[in-house]
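One structure below.
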Amino acid sequence: MTAPAQPRSVPTPADVARRATPAAATAPARPAARPKARAARRAAATGPYTPVKLSAAESIAPGQLTRDEHFRRYFLLGLRRSGLPASSRLLAHDLMWRAGHHNGRISPNMQPDREYLALATGLTVAQVNVAINTLKSRGWLYDRRLASGPRVGSTHWALAIPAAALEDVRVFISTRRDTGYTH
């Protein structure tokens, strides 16, 4: 003789099919409105950004980000709009992923040598050398001397957004309708 069936605590697919669906569940769901970023609200309220006039020396100096601006986003947008040669942009993009997202500094433990960068990007060592010199001369990469720690006095790379490129990105972002990330 078999025992009577006990009610299960976990529903099966057959139990789910038998349930009555409430009217609210059958209505099409509206996507939730995404909150706009603080910088986007400010840009919309004040209108298009007016760029600052820069001299030649000031234009390649590292630009200063505000609290609402994220380094990696602005670096990537500036790099896309920069007009740099493709090999330099490729190398800068690779270095961007090795750097800190908030300040662009490459950790001393993450400093790649030129041969490793050539393997990672598919460029030759000579192309990597030219790309590094291009990035340094245009203000996208600079040498930073360490002031503390076990490697005091040694120099390491740090990424920067030149002031002219930062102004261009600010104008670009303020004139766009969609302020989300560009992919």
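Report relative contact order for the stretch 79-175 in percent, whole number only (criteria: Cα-Cα under 8 Å, sequence separation at least 6). Computed value for the stretch 79-175: 28 percent relative contact order. Could you tell me whether the stretch 79-175 comes out rounded, prolate or oblate from its Cα gyration tensor? Rule is a ≥ b ≥ c as square roots of the eigenvalues, rounded for a/c under 1.5, then prolate if a/b exceeds b/c, otherwise oblate. Oblate is the answer for the stretch 79-175, as a/c is 1.5 or above yet b/c matches or exceeds a/b.
Amide H to amide H, with H built 1.01 Å from N, residue 144 comes under 5 Å of 156, 157, 158, counting only residues 5 or more places away or on other chains. In this calculation the C-beta distance from residue 64 to residue 130 is compared with R0 = 30 Å, giving a FRET efficiency of 0.55.
No value in this document is a laboratory result; all are computed from the given coordinates. Keep in mind that what you see is a predicted model, and the values were worked out from it rather than measured. FYI the Cβ positions are ideal-geometry reconstructions off the backbone, even for glycines, and counts take in every protein chain you see.
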